[in-house]
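Notes follow the structure.
The values are calculated or read from the model by the stated rules, or taken from the named source; none is laboratory data. What you see is a predicted model, and the numbers here were worked out from it, not measured in a lab. Because the Cβ atoms are built from the backbone with ideal geometry, glycine has one as well, and the counts that use them run over all protein chains shown. These area figures cover heavy atoms from the full protein model, side chains too; ligands, DNA and RNA do not enter into them. Shrake-Rupley method; radii C 1.70, N 1.55, O 1.52, S 1.80 Å.
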Amino acid sequence: MKTRLETLCKKNVADCTYEELYRALLALVKEESGKRQEETKGRKLYYISAEFLIGKLLSNNLINLGMYEEVDKILKENGKSMAELEEAEPEPSLGNGGLGRLAACFLDSLATLNLPGDGVGLRYHCGLFHQNFKNNLQNETPDYWLNGAQWADDGKKTYSVSLAGKEYEAHLYQLDVTGYEGRTNKLNLFDLDTVDESIIEEGISFDKEDIAKNLTLFLYPDDSDEAGRKLRIYQQYFMVSAGAQMILEECVQRGCTLHDLADYAAIQINDTHPSMVIPELIRLLVEKGIAFEEAVKIVTKTCAYTNHTILAEALEKWPEEYLEEVVPQLMPVIRKLDKIVKKKTKDESVSIIDEDGRVHMANMDIHFTHSTNGVAALHTEILKDSELNNFYKMYPEKFNNKTNGITFRRWLLSCNHELAGFIESLIGGGFKKDAMELRKLAAFESDKEVLKRLMEIKADNKKKLAEWIQKKQGVSVNPDSMFSIQSKRLHEYKRQQLNLLYLIHQYFEIKEGHLPAAPVTAVFGAKAAPAYRIAKDIIHALLTLSEVIAEDAEVSKWIQVVFIENYNVTAAEKMIPACDLSEQISLASKEASGTGNMKFMLNGAVTLGTLDGANVEIRDCVGDENIYIFGQNSPQVIRRYERGDYCAREWYETDPNIRRAVDFIAGEQMMGKGDKKSLERLKNELVGKDWFQTFPDFSAYAVRKNQAVADYAVNPEKWAKMALKNISGAGFFSSDRTIEEYNKDIWHLG
Ligand SMILES: *Cc1c(COP(=O)(O)O)cnc(C)c1O
């Protein structure tokens, strides 16, 4: 390998720059992964998704191809380090949050399990924005991740897509998805050659109507105006039309007559962004001579839909006139599908086109796919019992649950080498392919040496994170404090504001002499959608609080608030192995699954959480004594919404702790450093609305969290045992298990 590297670099490894080594390894990996491509027999999966939050690929690919150890050794022998090499690679900016990361984990598991399954998506030039903080406010700039050497190669293919009556060429780019000791699949990304980054003005604004230049610039462009909403439709159709053409072409090449499409292809629709693939496939099949009724049946048999949310505002509904303008060729198909539904039932709530002329994408998905799945047991039950109950009554056989998972290759082997190595020394390497083998770790729960080593590894990871924060943000944190981490998209339902209120509460407690059991470093990582004002206000409040506390000699001994800029996969890989307490505090019933919660437990953090999403199943796997659960459960929350009698102001007026904390947000100290309007708006939102019910859970959260801090400080051995139990109970959350379930129940690949 060393010779191959030196041939590629035309010099000794020791004399190479990291950039040169990165490029050489990129070429080597591509050569190796290319050898593992396999001919597809039988049914092949196409996982269509607006996002693929894949993260940096070099280390992961080296691990999957069995090259990591050797490369690591060569680097070390030549005075280089893998960590610095990783810095040379830009992180692809093709995703936003959990749904995109899920798609990436699924691709890894498909290839690892030797299943034929490709991704289909878009090649965004600037992806999601890059976040930085200025005056304690979120500032957005374009993320030019496409500069430099690329994993994706030119697929040398284009497909013609008609948008608002004009033809555009969708250019295919492909990158290899390597499996751990498995096959190589593809991620297919479409792009438009005429897209022009120079139209971006200050921040991330640009001319939303210049489709030829803006189509694949950004993921989730601002949709607070009409042009922005239409641009989303343009993007979605571009993705699914090119994808559908590519799928049909591949299947025909493999001998498909199109009548038997479902024997060649399974299409998984990841949330509603790719929903137009249904009418588009029907349209294409009819164009090729298949009768409409048969085309509908074929497509229904081929496609399946994954629901990711029960937040009503996230279920896409497009005005008919927008679709009529952007994709006039689809509207006759969508209207026919709507007629079929209206003939089947009088129930207006399941219509595709409602009486206001809005097209409900999720409704189309449920009627015209053969499977609708939720992403955690609780989420699927809520879909069946309430949110989608009318659909469930029509099609009970279509509904199924597939609890999310994460790939252990990235979220353990790659991000936490020390822990992975230690586990292997205890139970062997079988867990890398059969995650349930982690159960064997439970045998060591009373082994003091093992527990001690486990905590040493954690302490090491905390030091590394502290160094990274120092280098990146110039902030010094105490690695001996307890690290509580809440990292995920910023959204009111995830309740970063509850954590904020707790930190303010602790500020007062410390001032009054009620000292915590241990110093705590509260670490946050989160991007807010650029048009989501309250989310940005929460970021502002946390950043301002961080300053207020840092300048207070008394309180800063006990609490430090650190907000990591530009949370992404690279940041997650550094934060998660260093976490003691994993904050999973969403309002029960609102978080479909969560996957961050799984990554943290796998790396030996203990969860502090509500009974929401997959937290419920995490508790089942580790037992009540190894997780800190608090707050209302989901039936209680749902009942409160139904009664409609939640009054935040009453809680504010009757609970002095809540009042004290909320008043502080817009009080003297915060106002002295922060933006008056933003802080007041946040306070008023909480007192006047608090739609995600932070107040009813506040005191239970504070009590439970203080309990966790005390356990951590007073009884380190008990804590270490809890950490071990979390790792040993994490096997169920391997995405290999999730993919095996999808395959057995929905896809039937190969
Ligand atoms: C896993 C992951 C998420 C999802 O986190 P949740 O806590 O499940 O919302 C979001 N962003 C990144 C970078 C991740 O790695």
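Being assigned to a helix (DSSP H, G or I) and either of a type in the set (Phe, Trp, Tyr) or surrounded by 21 or more Cβ atoms within 10 Å (Cβ to Cβ) (or both) is the filter here, so list the residues in the stretch 86-105 that pass it.
Across the stretch 86-105, the qualifying residues are Gly98, Leu99, Gly100, Arg101, Leu102, Ala103, Ala104, Cys105.
Within the stretch 483-501, which residues are away from the ligand (no atom under 13 Å from the Cβ), over 16 Å from Gly667 (Cα atoms) and not polar (S, T, N, Q)?
Result: Phe483, Glu492, Leu498.
Do you know which residues across the stretch 109-127 are within 16 Å of the ligand (Cβ to nearest atom) and open to solvent by 10 Å² or more (accessible area, probe 1.4 Å)?
Hits for the stretch 109-127: nothing passes.
Taking the residues in the stretch 104-160 that are closer than 30 Å to Ser546 by Cα and among the acidic types (Asp, Glu) as candidates, determine which candidate is nearest to the chain's Cα centre (by Cα).
Looking at the filtered set, the residue picked out is Asp143.
Which residue pairs have Cβ atoms under 6 Å apart, sit 6 or more places apart or on different chains, and have a first residue in the stretch 210-228 that is on the phi < 0 side of the Ramachandran plot and a second that is acidic (Asp, Glu) and open to solvent by less than 10 Å² (accessible area, probe 1.4 Å)?
Sorted first by the residue in the stretch 210-228, then by its partner, the pairs are Thr216/Asp191.
Test of understanding: among Leu542, Leu498, which residue is crowded, with 22+ Cβ neighbours inside 10 Å and within 28 Å of Glu617 (Cα to Cα)? Please lay out each step first, then the result.
Working: Leu542 fails: within 28 Å of Glu617 (Cα to Cα).
That would be Leu498, the only listed residue that is crowded, with 22+ Cβ neighbours inside 10 Å and within 28 Å of Glu617 (Cα to Cα).
Within the stretch 70-77, identify whether any single residue is in a helix (DSSP H, G or I), under 16 Å from Leu175 (Cβ atoms) and open to solvent by less than 30 Å² (accessible area, probe 1.4 Å), and answer yes or no.
No, the stretch 70-77 contains no residue that is in a helix (DSSP H, G or I), under 16 Å from Leu175 (Cβ atoms) and open to solvent by less than 30 Å² (accessible area, probe 1.4 Å).
Working carefully through the options Asn726, Asn706, find the one that is modelled with pLDDT of 95 or more, within 19 Å of Asn597 (Cα to Cα) and polar (S, T, N, Q).
Asn726
Look through the stretch 78-103, keep the residues that are polar (S, T, N, Q) and more than 16 Å from the ligand (Cβ to nearest atom), and return whichever of them is farthest from Pro274 (Cα to Cα).
Asn78
Hey, can you tell me all the residues within the stretch 602-626 that are crowded, with 24+ Cβ neighbours inside 10 Å and within 16 Å of the ligand (Cβ to nearest atom)? Can you show your working first?
Keep residues of the stretch 602-626 that are crowded, with 24+ Cβ neighbours inside 10 Å, which gives 602-605, 607-610, 612-615, 618.
The answer is Leu602, Asn603, Ala605, Thr607, Leu608, Gly609, Thr610, Asp612, Gly613, Ala614, Asn615, Ile618.
Of everything in the stretch 3-17, what is touching a residue at least 12 places away in the same chain (Cβ under 8 Å), assigned to a helix (DSSP H, G or I) and open to solvent by 70 Å² or more (accessible area, probe 1.4 Å)? Give them in sequence order.
Matches in the stretch 3-17: Arg4, Leu8.
Would you please list the contacts, defined by Cβ atoms under 9 Å and residues six or more apart or on different chains, that run from a residue in the stretch 340-366 that is touching a residue at least 12 places away in the same chain (Cβ under 8 Å) to a residue that is exposed (fewer than 15 other Cβ atoms within 10 Å of the Cβ) and small (Gly, Ala, Ser)?
Asn363/Ser349
Which of (1) of a type in the set (S, T, N, Q); (2) touching a Leu at 6+ places or on another chain (Cβ under 8 Å); (3) closer than 26 Å to Tyr220 by Cβ does Ser81 not meet, given it meets every other one?
Among (1) of a type in the set (S, T, N, Q); (2) touching a Leu at 6+ places or on another chain (Cβ under 8 Å); (3) closer than 26 Å to Tyr220 by Cβ, Ser81 violates only (3).
Do we have Ser678 as over 27 Å from Ser582 (Cβ atoms) and buried (at least 20 other Cβ atoms within 10 Å of the Cβ) here?
Considered against the rule, which asks whether it is over 27 Å from Ser582 (Cβ atoms) and buried (at least 20 other Cβ atoms within 10 Å of the Cβ), Ser678 comes out as yes.
Check Lys30, Lys44 and return the single one that is touching a strand residue (DSSP E or B) at 6+ places or on another chain (Cβ under 8 Å), closer than 18 Å to Gln174 by Cα and either open to solvent by 40 Å² or more (accessible area, probe 1.4 Å) or aromatic (Phe, Trp, Tyr) (or both).
Lys30
Search the stretch 303-322 for residues being in a helix (DSSP H, G or I) and of a type outside the set (Gly, Ala, Ser), and hand back the single one that is least open to solvent (accessible area, probe 1.4 Å).
Filtering first and then ranking leaves Tyr322.
Could you tell me which numbered condition Tyr220 fails, if it satisfies all but one of (1) of a type in the set (Phe, Trp, Tyr); (2) open to solvent by 20 Å² or more (accessible area, probe 1.4 Å); (3) at pLDDT 95 or above?
(3)
Can you confirm whether Ala730 is touching a strand residue (DSSP E or B) at 6+ places or on another chain (Cβ under 8 Å), closer than 28 Å to Ile406 by Cα and either open to solvent by less than 40 Å² (accessible area, probe 1.4 Å) or of a type outside the set (A, V, I, L, M) (or both)?
When the stated conditions are applied, Ala730 does not pass them.
Filter the stretch 40-59 down to residues that are within 16 Å of the ligand (Cβ to nearest atom) and in contact with a Leu (Cβ under 9 Å, 6 or more places away or on another chain) and give me whichever is nearest to Thr184 (Cα to Cα).
Leu57
Can you tell which of Ala362, Ala312, Ala291, Ala295 is small (Gly, Ala, Ser) and touching a Ser or Thr at 6+ places or on another chain (Cβ under 9 Å)?
Ala362
What number of residues within the stretch 323-350 satisfy the criterion of being over 15 Å from Ser162 (Cα atoms), among the acidic types (Asp, Glu) and either in contact with a Lys or Arg (Cβ under 6 Å, 6 or more places away or on another chain) or assigned to a helix (DSSP H, G or I) (or both)?
So the count comes out to 2.
From (1) farther than 30 Å from Ala531 by Cβ; (2) outside any helix (DSSP H, G or I), pick out the condition that doesn't hold for Asp690.
(1)
Looking at this structure, is Lys683 closer than 23 Å to Ile534 by Cβ and loosely packed, with under 14 Cβ neighbours inside 10 Å?
no
Show the residue pairs that are 6+ apart or on different chains and have beta-carbon atoms under 9 Å apart, the first residue being within the stretch 18-38 and assigned to a helix (DSSP H, G or I), the second being open to solvent by 50 Å² or more (accessible area, probe 1.4 Å) and among the polar types (S, T, N, Q).
Ala24/Thr7
Quick check on this structure: which one of Lys458, Lys471 is away from the ligand (no atom under 16 Å from the Cβ) and surrounded by 22 or more Cβ atoms within 10 Å (Cβ to Cβ)?
When all the criteria are applied, what remains is Lys458.
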